[in-house]
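Report on the following structure.
The values are calculated or read from the model by the stated rules, or taken from the named source; none is laboratory data. This structure is a prediction, so every number in the text was calculated from the model and none was measured. Neighbour counts are summed over all protein chains in view; Cβ atoms, including those assigned to glycine, are modelled from backbone coordinates with ideal geometry.
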């Protein structure tokens, strides 16, 4: 079972590493092409739609995996009705987002409403794609997702390159508003290609994947997914609402610069966040089966291994991210994002803070998926509601006085609160194994690695790109070596 989870996760990790590289390259093109304030506008629109996208998602991806795993004989009906429900929810939420934007300052111009419309369609197609991916995940057939996602990203970056280097080149009297609409459309075409390819592949296992309209089942699936969906939506609210609040609580010119400096490290962190979600999505079918069959021994083993893997991965990224964050920003963007003359704070300041968000997020994921497997979505909803209120109030109080750095600090505190409440809640239903010696050993090794690499970077720097390559490879070897010697040899 663990080998199957590992292989299924491996395909997704390969896919994510490839698409992460392409996404970072795309981010680099945009930060170097767009003026600082225009890049802020770009992120402002994406964050606004991102909040509504998760409301439309309603957590149906994860719930679909669990439903199909438990009822594989009824897969065609399940997936057809879930696709229909997602399309219906997507259309409703999309129009709500568009209508609300008309009444918000800085969002209600023709250009930005057009951008919201394009990203809204992108979101709708993404919902269909993730429904198909849920089917592939439940059957542990994620190998093709690597091909489809990478090709979709390649199409996206190819079109963006054409837009910024040929269609609207710098120095040619650029209308950045129009060029951004073309960039948004390039993303839409990329996700359409990925969705079509996944649909064709998934049809090999369930054919045809059509639309279902079983009102009783759709009502049932809506009810069981609602608490998790709202909890997921609330998580996204407290993770993305800071950008929306920055746009509303600061003057427009200052807000767009703040959003640009804040969004760059947050975009990098978001890319890394998704990585371990793949592992837990691969784990969920086994976790649900173990919980349903009351197989306590397997359940304990799954929880123990998952916590160890995620803490190890989080610590590795935290150490090397902290040490190399200025290098990464200079490679992706330019020194403007590090300059103290642009703003009181820089993107490097934010990066150092939000790496804590990433580390805490990895641990929190284990508790979230354990609650889903135990069908305790309402507990998760209560936790996320409390954390979201804390986050929004913190941002409203601190942003006007301390700008975006304190928005990042509030996000860290919110993530810490989420992890703590998740742990306390899960303990009521599961016995959580804590291998104290493993975590002490990891902490000691991490500190030694941090000090060693800090010393080498300070006195023996190899240059901007070589530092990232060499020390990035060392970080990967550290992770893989620790995985093998501390975990895999004992498990496989």
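Return the pair list, or none, for Cβ contacts closer than 7 Å from residues in region 457-474 that are without any contact (Cβ under 8 Å) to a residue 24 or more places away in the chain to residues that are part of a loop (DSSP other than H, G, I, E, B) and surrounded by 12 or more Cβ atoms within 10 Å (Cβ to Cβ), at least 6 apart or on different chains.
Listed by first residue and then by second, the contacts come to 470/462.
Exactly one of these conditions fails for residue 238: (1) closer than 15 Å to residue 418 by Cα; (2) surrounded by fewer than 23 Cβ atoms within 10 Å (Cβ to Cβ). Give me its number.
(2)
Considering only region 429-436, I want to know if a residue exists there that is touching a residue at least 24 places away in the same chain (Cβ under 8 Å), in a helix (DSSP H, G or I) and over 30 Å from residue 43 (Cβ atoms).
No - not one qualifying residue is present in region 429-436.
Residues that are buried (at least 18 other Cβ atoms within 10 Å of the Cβ) and within 19 Å of the chain's Cα centre (by Cα): does region 297-306 have at least one?
Taking every residue of region 297-306 in turn, at least one turns out to be buried (at least 18 other Cβ atoms within 10 Å of the Cβ) and within 19 Å of the chain's Cα centre (by Cα).
Out of curiosity, is residue 363 within 30 Å of residue 26 (Cα to Cα) and crowded, with 18+ Cβ neighbours inside 10 Å?
yes
Here are some conditions: (1) under 22 Å from the mean Cα position of the chain (by Cα); (2) modelled with pLDDT of 80 or more; (3) over 21 Å from residue 137 (Cα atoms). Residue 216 meets all but one. Which one does it not meet?
(1)
Among the candidates 446, 414, 347, which residue alone is surrounded by 16 or more Cβ atoms within 10 Å (Cβ to Cβ), modelled with pLDDT of 85 or more and within 24 Å of residue 58 (Cα to Cα)?
414
Quick one: residue 357 ticks every box in (1) touching a helix residue (DSSP H, G or I) at 6+ places or on another chain (Cβ under 8 Å); (2) surrounded by fewer than 18 Cβ atoms within 10 Å (Cβ to Cβ) bar one, so which box is it?
All conditions are met except number (2).
Residue-by-condition table, conditions (1) crowded, with 20+ Cβ neighbours inside 10 Å; (2) in contact (Cβ under 8 Å) with a residue 40 or more places away in the chain; (3) under 30 Å from residue 375 (Cα atoms):
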{"residue": "136", "(1), (2), (3)": "yes, yes, yes"}
{"residue": "152", "(1), (2), (3)": "yes, yes, no"}
{"residue": "177", "(1), (2), (3)": "no, yes, no"}
{"residue": "187", "(1), (2), (3)": "yes, yes, no"}
{"residue": "193", "(1), (2), (3)": "no, yes, no"}
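Among the residues of region 7-15, are any at pLDDT below 75, surrounded by fewer than 20 Cβ atoms within 10 Å (Cβ to Cβ), in a helix (DSSP H, G or I) and within 17 Å of the chain's Cα centre (by Cα)?
yes
Being more than 30 Å from residue 300 (Cβ to Cβ), touching a residue at least 12 places away in the same chain (Cβ under 8 Å) and surrounded by 14 or more Cβ atoms within 10 Å (Cβ to Cβ) is the requirement here; does residue 396 meet it?
Criteria met by residue 396.
Can you tell me which residue in region 317-344 is surrounded by the most Cβ atoms within 10 Å (Cβ to Cβ), limited to those that are without any contact (Cβ under 8 Å) to a residue 24 or more places away in the chain and not in a helix (DSSP H, G or I)?
338
For residue 260, are the conditions met, namely being at pLDDT 80 or above and crowded, with 18+ Cβ neighbours inside 10 Å?
yes
Evaluate the following for residue 225: is it in a helix (DSSP H, G or I) and closer than 12 Å to residue 41 by Cα?
Spelling it out, it is not the case that residue 225 is in a helix (DSSP H, G or I) and closer than 12 Å to residue 41 by Cα.
So which residues in region 47-77 are free of Cβ contacts under 8 Å to residues at least 24 places away in the same chain and more than 19 Å from residue 287 (Cβ to Cβ)?
73, 74
Residues that are part of a helix (DSSP H, G or I) and either within 17 Å of residue 222 (Cβ to Cβ) or in contact (Cβ under 8 Å) with a residue 24 or more places away in the chain (or both): does region 103-110 have at least one?
Looking for residues that are part of a helix (DSSP H, G or I) and either within 17 Å of residue 222 (Cβ to Cβ) or in contact (Cβ under 8 Å) with a residue 24 or more places away in the chain (or both), one finds none in region 103-110, hence no.
Can you find a residue that is farther than 30 Å from residue 345 by Cβ and under 27 Å from the mean Cα position of the chain (by Cα) anywhere in region 468-475?
yes
Determine which member of the set 116, 96 is crowded, with 19+ Cβ neighbours inside 10 Å, modelled with pLDDT of 80 or more and part of a helix (DSSP H, G or I).
That would be 116, the only listed residue that is crowded, with 19+ Cβ neighbours inside 10 Å, modelled with pLDDT of 80 or more and part of a helix (DSSP H, G or I).
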